[in-house]
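Notes to accompany the following structure.
Readers should treat all values here as calculations from the given coordinates under stated rules, not as data from a laboratory. Being a predicted model, the structure only gives us computed values, none of them experimental. Ideal geometry is used to build each Cβ from the backbone, glycine not excepted, and the neighbour counts take in all protein chains shown.
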Amino acid sequence: MVTGKRTLPLSEEVRVFHLEQQARGVSPHTARAQVGDLGKLLEHALRAKWDDWKVSPRTLRGFALELGDRGLDPASQARVLSTVRGFFKWLWETQRIDCNPASGLRNPKQPKRLPAFLTEGESQALLDLPQAVDFSTARLACLLELLYASGLRVSELVGLDLQDVFSDQRTLRVMGKGRKERMVPYHAQAATILDVYFGYRAAFLAAKALPASPAIFLNQRGGRLTPTSVRTLLRSALQAASVRSRVSPHALRHSFATHLLNRGMDLRAIQELLGHASLSTTQRYTHLGLEELARTYEKAHPRAKG
């Protein structure tokens, strides 16, 4: 942080802000980031000879543009500007300035990153690895198979209850984002693995004398498995299968969509299977019913054996 004759009152306001943030109990990591972020703002203000923090939105945008000129990537710029917005909001709320020039300060556009996904070979290696010999291995095999078989979000997967499985139709009732319900098919191989897991699940509950649970996927205490636990299990499975370890469970959802698309499945059908919000309610089942979805899915999914 710049020091010198012109550091007051500018640096004093920054110092008081940091003290109040510490009193609020912000984490040490956040506190360090805020010091660095406002250090950049203070350096700019002193160099531009600001007399106080009562600056115009246009003047503040000049600082934002400078961040890009200094070579900061968009994510770093966004973090700095977030801190700056918080600082100016505090200045305004504590009546140190009459209006908030940072209220309209926008982050730079973030580059669009292509979602990570596995190749078909990597997917096969991952799914063929677990050998269902007990509750834990059967659970892992079923988790992986359903993530790839139905393209579910991890939160949707762990939220499944026994009553959400319609085995005669080989479909799952899924509660998606915004509490939107959809029906998703799964193939015959997934059905077999699900049945194997159900057998081990029942034996596990009986052996442990645990009460019945509506959740399909259980932890070692008989409670519902969490998304964090699924990520941990997947990370271990990826390492064991010698597949790229820095792939999240969400990558199986992207792999599901990518592989179906590559094999000729209609994009609109894939959007319906995924439950994407980009597909409007009126479009969702106008031209594609669940029966047609299931039929095209069976033809396209790499692991569907019929």
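Pairs exceeding a 29 Å alpha-carbon distance, out of K40/K109; K177/K299; K89/K180; K89/K177: K89/K180; K89/K177. Modelled label positions at R231 and M175, each set 7 Å beyond Cα in the direction of Cβ, lie 2.2 nm from each other.
Of the residues F198, F256, the one with the fewest other Cβ atoms within 10 Å heads the list, and the complete ranking is F198, F256. Once you sort the root eigenvalues of the Cα gyration tensor of the range 5-93 as a ≥ b ≥ c, which label holds: rounded (a/c under 1.5), prolate (a/b larger than b/c) or oblate (the other case)? Judged from the Cα gyration tensor, the range 5-93 comes out oblate (a/c at least 1.5, b/c at or above a/b). Between T94, T171, T137, the residue with the greatest mean-square fluctuation in the GNM of the chain (Cα pairs under 10 Å linked by springs) is T94. Using C-alpha pairs under 8 Å with a sequence gap of at least 6, the mean separation divided by the residue count of the chain gives a relative contact order of 17 percent. Over the residues of the chain, the helix contribution to mean residue ellipticity at 222 nm works out to -17500 deg cm²/dmol, using -39500 (n - 2.57) for each DSSP H run of at least 4. Nearest 0.05, what FRET efficiency do Q22 and L65 give at R0 = 25 Å with Cβ-Cβ as r? Rounded to the nearest 0.05, the efficiency is 0.25.
Under the criterion of Cα pairs below 8 Å and six or more residues apart, the relative contact order for the range 120-300 equals 26 percent. Going from the fewest other Cβ atoms within 10 Å to the most, the residues D266, D195 appear in the order D195, D266.
Looking at the chain, the pairs of alpha carbons with a distance over 25 Å make up 61% of the total. Basic side chains Lys and Arg get +1 at the Cβ, acidic Asp and Glu get -1 at the Cβ, and with that the dipole of the chain about its Cα centre reaches some 680 debye.
Taking 0.36 nm per residue of separation and subtracting the current Cα-Cα distance, fully stretching the chain between K54 and H250 would add 66.0 nm.
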